[in-house]
């Protein structure tokens, strides 16, 4: 009994990653700021422990055997995920224009599916998680097609997709704000608002624009994000088995999709990069290049590229070719739009980020500290999150094992610190962080399969 107990308590990185993902999920969906901050601090501590312990294990040559603890952390995360998927369906379902009977039936199916998934042992029967994930996708599709939610991001995506399809530069546009004057004062800097006009174009890098175009052609720009998550799940399922479908159960998925947020595109590119690097795919530098330019704050993750050095050196053509393809992909993704209107691109993608106002309703440690103690001063708002995230990435690059899963961990960890120290932090920010941690957990102990170049 003593030996069995010791075996069950043995160090297992995946368990700690799942626990960190659960803490981030609670933080992103918590209504109380104190709970959100506590979740962020717990997640930072757990991710730091994973990084330090995995580095120590690698240095000593000891493994992290024993599956005894692995399912405990995953079960907790799954319970959190299922609970919030159900909450999202009930909450967002009330915003749709579908009939009450259809909505009630969908809510009942989701709730029963959740109960069956947990009650019968989701972890022991992976097909149940897939069945529940399929129900979640069905709920998302119905909601997206019937939820007339008003969000500025929706205005940006629809207007920009339509402009690009008609041969106009999305980064040269201006938009009409969907909010009243009070909303404009809350959401935007006075420097970018003139009456009801927002003086900037599409505020995201090109990968999000392409996703919006796909959704726009299909009838709703939000479908691009849903398709991205489904593809990410398929890629993970092919690599780690049915458990990969858990990426569809991230807390807040339906909320993020319904509100037009663009993080699903970055999640897909992260999955493609990590799985591609793990399998030796020739497409890995392409996915990596697109990932790095999919959101502005990926600049802090630059040091983490060191963790992919073994992948780059094993690539056909070696490190030089891998690096060249990564840089070329990133440049080619940005160059057409940058050349189209350099000033408009800079104004919309770069300058706007530094003009964003302090949001007292944000769920970050910095905002919580300012609201309670008036500290730190506003002069730190611009550089503090960037420095914090970059230093975190440097530490992870120095201490973590050089594996694709550790790269995903580093992305999640560095972005979590950046967001926690930021003047704005909302559910979609933490959604990407949690996805990165879940990808790390799913791929930490990769299946024993031969690499291939496809």
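Only the coordinates and a few stated rules stand behind these numbers; no lab work does. Just so we're clear, the structure is a prediction, and the values are computed from it rather than from any experiment. Positions of Cβ are backbone-derived with ideal geometry, glycine not excepted, and every protein chain shown enters the neighbour counts.
So for the range 194-323, considering every pair of alpha-carbon atoms, how many percent are separated by more than 22 Å?
45
Using every alpha carbon pair in the range 195-238, what percent of pairs falls into each 5 Å bin from 0 up to the bin containing the largest distance?
All Cα pairs considered, the percentages come to 6, 20, 19, 19, 17, 10, 4, 3, 2, 1, 0.
So how much slack lies between residue 309 and residue 234, counting 0.36 nm per residue of separation and subtracting their Cα-Cα distance, in nm?
24.4 nm
What is the order of 199, 34, 169, fewest Cβ neighbours within 10 Å to most?
Neighbour counts put them in this order, fewest first: 34, 199, 169.
Tell me, 32, 434, 14 in order of fewest to most beta-carbon neighbours within 10 Å?
32, 14, 434
Mind sorting 238, 402 by how few other Cβ atoms lie within 10 Å of their own Cβ, fewest first?
238, 402
Report, to one decimal in Å, the Kirkwood hydrodynamic radius for the range 217-291 based on all distinct Cα pairs.
12.8
Got the relative contact order for the range 168-317 handy, in percent, Cα pairs under 8 Å and 6 or more residues apart?
19
Find the Cα radius of gyration of the range 289-336, compare it with 2.2 N^0.38 Å by division, and give the number to two decimals.
Working it through for the range 289-336, the quotient is 1.17.
Using alpha carbons only, what's the Rg to Rh ratio of the range 264-395 with Rh from Kirkwood?
Using only Cα positions, Rg/Rh for the range 264-395 is 1.05.
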